[in-house]
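I have placed the structure first, in the form of structure tokens, so that the comments after it can refer back to it.
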Amino acid sequence: MKLWKRAAGAVKDQNSIWIAAVSRRSVYRNPDLEAAIIRATSHDESYVDYKNVQRVFTWVRTSPTYLKPLLLALSARMQRTRSWAVALKGLMLMHGIFCCKIPAVQRIGRLLFDFSGFEDSHMSPHKAWGYNAFVRAYFTFLDQKAALLCARVPQGPKAPSSASNSFSASTREKPTKMIMMAELLMLQELQSLLDLLLQIKPKAEGMRRAGLVLEAMDCVIIEIFDVYSKICTLIARVLSRVYESTKAEASTALNVLQQANKQAEALSHFFEFCNSLGVLNASEFPKVEQVPAEDIEEVERIVKRRVSSDEKLLLEISDDVCRKNDDSEWNMDHNRAIVVREMAGPIVQHVGQQKFLTTIVTDKWEVFDDDHHLKVHSIINGGFSSNVSNNHHVQPYKQEIPDLITF
């Protein structure tokens, strides 16, 4: 780092500290806390002030009332900066705040600043692209983690305090009350988070010698270890109950297991890359093991059995529906009497010694030549039959004129 650049960064930091010191203390502003944040996120690219970082963490653990002024001060500094060093230190500080075991931290939600389009203005573009990509990837992961933390916090006044620093606190405390599909959804969320973590790595050659980047990679390795351990625990729990799963649960479990094997291979390459960079925590990570092929094949057989059983059940339901439709049609035909009588007269039904008129419904009509007569047989309510004749040849009307002259 050039001397003039370090001097300019130190002057900026000192001016910010002076402005924070003369600011008015209120519920939303704490000058001492702002000064600690500025020192923890200085422009120095080769040094991290861990003393002031720990001071910030102590403020957060002391009382939740310090959380709001902390977030406001840190977000304001992140929104103003155009230095990759300040941005990366701010993200590392925010990452440490999320690891504090405080329920109020879990309810932060999405980050108050946006680094999705971050660009360093103190370096040439061909040198800054690697740092810009690193900051953007780190921000994307933290923003997604903040959203998942907020979604996993139990709502209501009776939320347990031990729910902090875990995506699955309710799983640890009450594992028997969680259904399998909820665990599978949590597994998918953790796997998506692991994919974002694997994107955080230095891509430019000059970044491999930056001490601040290696410090950030140490934080990333620790987070990967935490997320991956939760994934392994949930996968073991799902496999123990996969025989009781439905078709949807078994299909989701199969997708999760296949994704876990892909991520295991990607993790192995990622740790080899980190070891080549000299990241300390990468050498302490245990060996990554894939899901046994026998377990995946067993889940595939379960899915096929669920599909075949569902198809069989659907076929039985279809047969029952067709059988009921045939029975209903037969009953309708059996209950409807269609009679064509050749002789007129009432239809009488003898019941014991009494006689009753029978109602017969018919839809058959006998139609004769329209030029002569139209005969309709209607056997309704007592078997009444009538012939309707219609003469189309109308005779002319004749009227005789009386003789009025006769004497």
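Computed from the coordinates by the stated procedures, all read-outs in this text should not be read as laboratory data. Just so it is clear, the model here is predicted, and its values are computed rather than measured. Note that we place each Cβ from the backbone using ideal geometry, even for glycine, and neighbour counts take in every protein chain shown.
Please state the shape class of segment 1-149: rounded when a/c is under 1.5, otherwise prolate if a/b exceeds b/c and oblate if not, all from the C-alpha gyration tensor. Intermediate results must be reported in sequence, preceding the final value.
Values: a/c = 2.01, a/b = 1.22, b/c = 1.65.
The shape class here is oblate.
Label points 7 Å out from Cα along the Cβ direction at residue 11 and residue 276: separation in nm?
4.2
Order these by the 10 Å Cβ neighbour count, fewest first: 129, 59. Let's see the in-between values first.
Working: 129 15, 59 19.
Placing the least packed residue first, the sequence is 129, 59.
Pulled fully out, how much extra length does the chain show between residue 140 and residue 49, if you take 0.36 nm times their separation in residues and subtract their Cα-Cα distance?
Values: separation 91, 0.36 × 91 = 32.76 nm, distance 2.44 nm.
That pair, residue 140 and residue 49, stretches by 30.3 nm at full extension.
For segment 202-287, which chymotrypsin sites (Phe, Trp or Tyr not before Pro) are both in a DSSP coil and crowded by at most 16 other Cβ atoms within 10 Å? Kindly include the intermediate steps, with their values, before the conclusion.
Numbers: sites: 225, 228, 243, 270, 271, 273; in loops: none.
Within segment 202-287, no chymotrypsin sites (Phe, Trp or Tyr not before Pro) qualify (loop, at most 16 other Cβ atoms within 10 Å).
For residue 112, put the label point 7 Å out on the Cα→Cβ axis and report which residues of segment 47-73 keep their amide N under 11 Å from it.
In segment 47-73, the label zone of residue 112 (backbone N under 11 Å from the point 7 Å along Cα→Cβ) covers 67-73.
At a Förster distance of 25 Å, what's the computed FRET efficiency of residue 104 paired with residue 222, Cβ-Cβ distance as r, to 0.05? Before the final figure, lay out the partial values.
On the way: r = 22 Å, r/R0 = 0.90.
With a Förster radius of 25 Å, E is 0.65.
Could you pull out which residues in segment 231-269 have an amide N less than 18 Å from a spot 7 Å beyond the Cα of residue 283, following the Cα-Cβ vector?
The answer is none.
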